[in-house]
Amino acid sequence: MFAKSDIKHEALPLPDFHNMTDEEMQKAAVDFYDFMRKRHSIRDFSDRPVAREVIENCVKAAGTAPSGANHQPWHFVAIANPEFKHRIREAAEEEERRFYAGGGSDEWLKALEPIGTSADKPHLDIAPWLIVVFAQRFGHFDDGEKFKNYYVPESIGIASGFLLAALHTAGLTTLTHTPNPMKFLTELLERPPSEKPIMIIAVGHPLDDATVPSVAKWKKPLADILTVKA
Ligand SMILES: Cc1cc2nc3c(=O)[nH]c(=O)nc-3n(C[C@H](O)[C@H](O)[C@H](O)COP(=O)(O)O)c2cc1C
């Protein structure tokens, strides 16, 4: 919530800049890639608990993301309560059963085949935390007046990426899960109708015998994702 009185331009000296030598920079870039390529979506979670403070700090990291006009058009609901998790599982599986029974296009279902997913979502019960990411189409000033948010999908995508990276850094594994449609989450989690649920991120530790689909290990080579005009 923004206080209207705080909305003014004021230039501060750049805080916190981490100045590196060229060598340090090379190493940091390689190390980060090496760390991030070890992130894997998993679907086989253990029920090992994760402290609430860890989740809170990861969400704080997500909240540092850039956003259109700095409106920060996101809200995260972190759920450890077994009853809530089970209600989410029931509602998500109902949507998923419809999807797999023909609600999803043939092309979409074919695209999912190598991932090996189905309508069964036990991780929604088992993972110690589910984080539901909501997008806010509107914000409110402290006096209640409504304002429009800009570049909401872009901002949400970046913040969610920060969140996944933070959780990975904390030694946790995740599954980005998008039951389709997801509207049931707004009501179930008592969020205002102006908020749109974007994804459920299941968070926890993998089972000892957790697997990943082999296709998920294949990432496009640099030449396919980067064009350089030097
Ligand atoms: C927006 C988005 C939605 C996704 N939805 C689902 C989903 O509903 N169910 C699922 O099992 N995986 C889902 N995934 C996970 C992808 O299948 C996974 O990211 C992909 O296979 C690559 O694997 P990796 O995350 O291990 O690199 C989703 C990922 C993203 C980014």
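The values are calculated or read from the model by the stated rules, or taken from the named source; none is laboratory data. Remember, predicted model here, so these are calculated numbers, not experimental data. Backbone-built Cβ (ideal geometry, glycine too); neighbour counts: all protein chains shown. Surface accessibility is based on the protein's heavy atoms, side chains included, excluding ligands, DNA and RNA. Shrake-Rupley method; radii C 1.70, N 1.55, O 1.52, S 1.80 Å.
Per residue, what accessible area does the chain have, given a 1.4 Å probe and all protein chains present, in Å²?
Details: 14860 Å² over 230 residues.
Per-residue value: 65 Å².
Label residue 53 and residue 137 with points 7 Å out from Cα along Cα→Cβ: what is the distance between them in nm?
Once both label points are built, they end up 4.0 nm from each other.
Go through 148/219; 8/229; 110/146; 4/60; 4/196 and tell me which ones have a Cα-Cα distance over 31 Å in this structure.
Numbers: 148/219 37 Å; 8/229 38 Å; 110/146 43 Å; 4/60 23 Å; 4/196 25 Å.
In this structure, 148/219; 8/229; 110/146 lie more than 31 Å apart at Cα.
Rounded to whole Å and sorted largest first, list the principal axis extents of the Cα atoms in the chain.
Extents along the principal axes, in whole Å: 55, 50, 38.
Using a Förster radius of 35 Å, what is the FRET efficiency between residue 16 and residue 41 based on their Cβ-Cβ separation? Nearest 0.05, please. Walk me through the numbers before you get to the answer.
On the way: r = 31 Å, r/R0 = 0.90.
Computed FRET efficiency for residue 16 and residue 41: 0.65.
How big is the range 130-213 by Rg and Dmax over its Cα atoms, in Å?
15.3, 53
Among 22-30, 112-120, 164-172, how do they line up from the highest to the lowest mean number of other beta-carbon atoms within 10 Å?
Values: 22-30: 10.4, 112-120: 13.0, 164-172: 17.6.
Order by mean packing, descending: 164-172, 112-120, 22-30.
Reachable lysines from residue 27, Cα under 19 Å, same-chain residues fewer than 8 places away excluded?
Partners found: 38.
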